[in-house]
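A quick write-up on the structure given underneath.
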Amino acid sequence: MKVVDLTGKRFGRLLVKEECGRDKKGQKLWLCICDCTNIKITNGYRLQNGDTKSCGCLNKEMVTQALKKYNTYDLFGEYGIGYFNNGECFYFDLEDYEKIKNYCWYKTKRGYAFTHINTEKQESMHRIIMDSLEDEEVDHKSRNKLDNRKSNLRTCVRIQNGKNLSIATNNTSGVTGVHYDKSTNKWIARITCDNEVIRLGCFTNFEDAVKIRLEAEEKYFGEFAPKNKY
């Protein structure tokens, strides 16, 4: 195919700006600007033959779209209910449906609802709903990570978010901050606040250890004390 001056011509998403040398086979290379603002350098044959239509963003979008599976929704109650592909539910305010409807949501290993914004970026539902800034975190008040109604969400900093953590998987007592000490045959209660471990005492009765732990949460965590008690 005869190569002519391609300056100013458009091929798909690419606008040819100028000639910029030759490739190893001696074919002219052209510097192009993609609609997404990326630069693409390619030879005239590939442009004229339709082999190159973008910087690569078009192929990525086509792959993403082909793999995309939308969620199903129930919008007939007081709040919205969405369903992952496995049938599990997540919750949101009806007014936030427009923010989330065009994404495919999946549940992560940590239990959050996430989506792919594009081929390189992922984002959580709670951050999108709260329009959170980059340096902000979003806390689920009830610790139900799939309840993304705004009444259950609040923006915070990391140290605040860490006060309302779910119970650790290696916890055997069923209560965060309470464990049994075999050497003393006592229940030990403690709490961590601002990276400092505070020992709350040793107790013969489990209920006493739990009580002092819950009181400490109210004292040290304030509004970030867990809402769903043990």
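The values are calculated or read from the model by the stated rules, or taken from the named source; none is laboratory data. What you see is a predicted model, and the numbers here were worked out from it, not measured in a lab. Cβ: placed from backbone, ideal geometry, glycine included. Neighbour counts: every protein chain shown.
Six or more apart or on different chains, Cβ atoms under 7 Å: show the pairs whose first residue is in segment 79-103 and part of a loop (DSSP other than H, G, I, E, B) and whose second is exposed (fewer than 13 other Cβ atoms within 10 Å of the Cβ).
Note: pairs meeting the criteria are ASN85/LYS69.
Can you give me the number of residues within segment 71-90 that are in contact with a Cys (Cβ under 7 Å, 6 or more places away or on another chain) and among the β-branched types (Val, Ile, Thr)?
1
Given the structure, is ASN118 of a type outside the set (Val, Ile, Thr) and at pLDDT below 80?
yes
Does ASP131 fit the bill of being under 27 Å from THR192 (Cα atoms) and among the acidic types (Asp, Glu)?
Spelling it out, it is not the case that ASP131 is under 27 Å from THR192 (Cα atoms) and among the acidic types (Asp, Glu).
Given segment 10-51, what strands (runs of 3 or more DSSP E) lie entirely inside it while holding 1 or more residues that are in contact with a helix residue (DSSP H, G or I) (Cβ under 8 Å, 6 or more places away or on another chain) and not aromatic (Phe, Trp, Tyr)?
On the way: elements: 14-22, 28-34, 39-43.
Those strands (runs of 3 or more DSSP E) span 14-22, 28-34.
Limited to segment 10-48, what total is found for residues that are free of Cβ contacts under 8 Å to residues at least 12 places away in the same chain and surrounded by 12 or more Cβ atoms within 10 Å (Cβ to Cβ)?
Here the count works out to 2.
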